[in-house]
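Read-outs: derived from the displayed coordinates by stated rules, not from any lab. Because the structure is a prediction, the values reported are computed rather than measured.
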Amino acid sequence: MSPLPDIKGPDRKKPLCYDPERRKFIYFDELIAKTEKIIPLERLSHEQLKKLIVERYRAGPDFTMQVLSGAKYTRNDLIKEIRKQTDIGKMTMEAEKSYLSELLEQIKESL
């Protein structure tokens, strides 16, 4: 059994899963309290995954990110890019999906 990931502060307010049947976001505290179960990301449609990732960005603190091309994006800019499914939006979704998959696997192994 591995230790639980150390999720603190504003990151605890970001959902980790989405239950499409109940249209409910699932959070870290609910998973560790075992009041909710992990819904694998593979079970979500593209639109449901997009909804989860947009909510994660919306719930988190504001930030600015600069990409290699030199363009700067705020949190709200990235949310718009994800919704429109631009190249940067698709890359952001893939990166977040990869991060979430690894995080959920760590949580699953430690519960």
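With a ≥ b ≥ c the root eigenvalues of the C-alpha gyration tensor of the stretch 1-65, is it rounded (a/c under 1.5), prolate (a/b larger than b/c) or oblate?
Details: a/c = 1.80, a/b = 1.00, b/c = 1.80.
Oblate, because a/c is 1.5 or more while a/b does not exceed b/c.
For the chain, the longest principal axis of the C-alpha atoms and the axis of helix 75-84 are separated by about 90°. For the chain, the longest principal axis of the Cα atoms and the long axis of helix 46-59 meet at an angle of about 90 degrees.
Helical content of the chain, expressed as a calculated mean residue ellipticity at 222 nm, amounts to -15000 deg cm²/dmol (DSSP H runs of 4 or more residues, -39,500 (n - 2.57) each, divided by residue number, nearest 500).
Treating the angle as unsigned and between 0 and 90°, give the value, to the nearest 10°, between the Cα long axis of helix 87-110 and the longest Cα principal axis of the chain. Here the helix axis deviates by roughly 20 degrees.
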